Amino acid sequence: MTDKEIIEKINTALAEEFELDEASMLPEAHLFDDLELDSLDLVDMVIVLEQTFGFKIREEEEIRSIRTLGDIHAFVIRKRHQRLQSS
Amino acid sequence: MPLNRVVVTGMGAVSPLGRGTGALFKGLSGGKSGIRFQPETAAVRGLRSHVAGRVMDVDPKEVPRKYRRSMSAGSLFAAVAAQEALVQGNLPEDLRTREDFGVAIGSTVGSVGTLEGFFREYFSGFCLERMRSTLFFKIMNHSPAANVTQILGIRGRTLAPAAACSTGCQTVGIGFETIASGKQRFMLCGGTDEFHPLFTATFDIMNAASTRYNEHPHRTPRPFDRDRDGVVCAEGCGILLLESLESALERGAPILAEVAGFATLSDPSHIANPDAASILSCMQACLENADLKPKAIDYINAHATATTEGDAAECEAIRKLFGGATAVSSLKGHLGHTMAASGTLELMACIFMMQQNRMLPTLNLDHVDPACEGIRHVRRVEEKSLQWILKNNFALGGVNSSVLLRRFNRDG
């Protein structure tokens, strides 16, 4: 899966879960300020990403520093690459 | 006697007869039945009752996701009904968001359907990894009350009485007492329930659900009828906006009726079986709450769910307290048993009857059962000026409730 495909998969999953307008899903979009998500949504976002990509990220410290959609893209891409390297 | 007089200034409904009080009153006036064949229960092995009254016209998407994510169907019904009540009550937002505006909204069980979904996941691999953060908010006992306060920005009391089929009248009684004692100025009061086969199964296992009319859903339930065979479960929500009389007059609100009395008493004789003496005591206590004699009552809206024992016990109690002259009918034949919502949906119908000077009959009452004789059944639409109406609501667990409505008269 290319990085572009990963980003599309993330956006599709989050758009469905949170009923987001895909036009608003820009990398720089702030999760709280622009996409109007909140702390409960972030909990569910982790669950959706775990289900979508088949990995466990709930305990990852890095999740706490995620602010934008681009941060999510970068985080998931990095996790995928780490998994591929370790497998 | 209450310190403050309490009036109804708004009503909202979601019922098997349609969305809104207009659909409810039109259906009741036209003698319509909201009962349909229910494939969901027909598919359950061992369940014999395949009829129910379902809400067909509430789209969850009409509530923004931010609120909807913590709402099951029962909360959605409550939100829709509450908004209708506020519009009818002509209530501006600045009054709604004050700390003297509260809610008393209850349900039988928060959301059985949501619990079913949870346990389906839980037992398939004993895993919680797919559980969403908002699940618990849908199944809390006070979920509908909490969701209504969130969506409407309410800051006063959140009360959530839960007494199964007695919930509706209890919410109005608690709202009445809260306003009468000056603790709140406004209360949104009501019961709400969403259908699940568990409800039907609960009555079916006790041989108290209707099973003989699966091919003819409109002919059941049959309150007081000799051929009645039990409860038909239904869903919906009725919300009344209660307000102190002083407040209603001050802001020129439409005054639909006065809540003049309330009683709720326990029947410790049996967890399930109705008891005529306990029902009588409750109705009597309600009348005493308003310092009223039985002969003053123009019409009684019975709980009468069409069970063999329940209808007979309520008739016996009415006969002993009121004699055979006071008009009585039940609306379960139209609506089925909307459980927690039944008290408030049927209270709204009482207010409608009061406004129309017309009593609505018991649907499907073709032949009065000998055990239900000796009271004056309303068998067809009857014109009558209604000043005082008593509404009964009883629940499994031995919880009896009665609410007294009075046509509004400014002079008291």
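Residue count for region B:52-75 under the criterion of being in contact with a Phe, Trp or Tyr (Cβ under 6 Å, 6 or more places away or on another chain) and within 14 Å of B:His216 (Cα to Cα): the result is 1. Here B:Ser269 clears all of (1) over 21 Å from the mean Cα position of the chain (by Cα); (2) of a type in the set (S, T, N, Q); (3) at pLDDT 95 or above except the condition numbered (3).
Among residues of region A:15-43 being within 12 Å of chain B (Cβ to nearest Cβ), of a type in the set (A, V, I, L, M) and not in a helix (DSSP H, G or I), the one that is surrounded by the most Cβ atoms within 10 Å (Cβ to Cβ) is A:Leu37. From the list B:Leu241, B:Leu280, the lone residue that is surrounded by fewer than 24 Cβ atoms within 10 Å (Cβ to Cβ) and out of contact with any Pro (no Cβ under 9 Å at 6 or more places or on another chain) is B:Leu280. On the given criteria, is A:Ile47 more than 18 Å from B:Glu129 (Cα to Cα), at pLDDT 95 or above and surrounded by 14 or more Cβ atoms within 10 Å (Cβ to Cβ)? Answer is no for this residue.
Each residue in region B:331-359 was checked for being at positive phi and crowded, with 24+ Cβ neighbours inside 10 Å, and 2 pass. Within region B:323-349, residues that are part of a loop (DSSP other than H, G, I, E, B) reach partners that are among the acidic types (Asp, Glu) and surrounded by 24 or more Cβ atoms within 10 Å (Cβ to Cβ) with beta carbons closer than 9 Å, at six or more positions or on different chains, in the pairs B:Ser330/B:Asp311; B:Ser330/B:Glu314; B:Ser330/B:Glu346; B:Leu331/B:Glu346; B:Gly336/B:Glu235; B:Thr338/B:Asp193; B:Thr338/B:Glu235; B:Thr338/B:Glu346. Exactly one residue out of B:Val87, B:Val109, B:Val103 is among the aliphatic types (A, V, I, L, M) and either in contact with a Lys or Arg (Cβ under 8 Å, 6 or more places away or on another chain) or closer than 13 Å to B:Ile151 by Cβ (or both): that is B:Val103. Considering each of B:Val368, B:Val328 in turn, give the residue that is surrounded by 19 or more Cβ atoms within 10 Å (Cβ to Cβ) and at pLDDT 95 or above. When all the criteria are applied, what remains is B:Val328. Restricting A:Thr12, A:Thr68 to those that are away from chain B (no Cβ under 14 Å), crowded, with 18+ Cβ neighbours inside 10 Å, of a type outside the set (Phe, Trp, Tyr) and under 12 Å from the mean Cα position of the chain (by Cα) reduces the list to A:Thr68. Scanning for something over 13 Å from the mean Cα position of the chain (by Cα), within 20 Å of B:Pro64 (Cα to Cα) and free of Cβ contacts under 8 Å to residues at least 60 places away in the same chain, does region A:23-31 turn up at least one residue? Scanning region A:23-31 turns up at least one residue that is over 13 Å from the mean Cα position of the chain (by Cα), within 20 Å of B:Pro64 (Cα to Cα) and free of Cβ contacts under 8 Å to residues at least 60 places away in the same chain. Scanning region B:107-130 for residues that are farther than 25 Å from B:Glu40 by Cα and either of a type in the set (Gly, Ala, Ser) or within 14 Å of chain A (Cβ to nearest Cβ) (or both) returns B:Gly125, B:Cys127, B:Leu128, B:Glu129, B:Arg130. Counting only helices (runs of 4 or more DSSP H) wholly contained in region B:39-102, the ones carrying 2 or more residues that are within 14 Å of chain A (Cβ to nearest Cβ) occupy B:65-68.
The values are calculated or read from the model by the stated rules, or taken from the named source; none is laboratory data. Remember, it's a predicted structure, so these values are computed and weren't measured experimentally. All Cβ positions, even for glycine, are placed from backbone atoms using ideal geometry, and neighbour counts span all protein chains on display.
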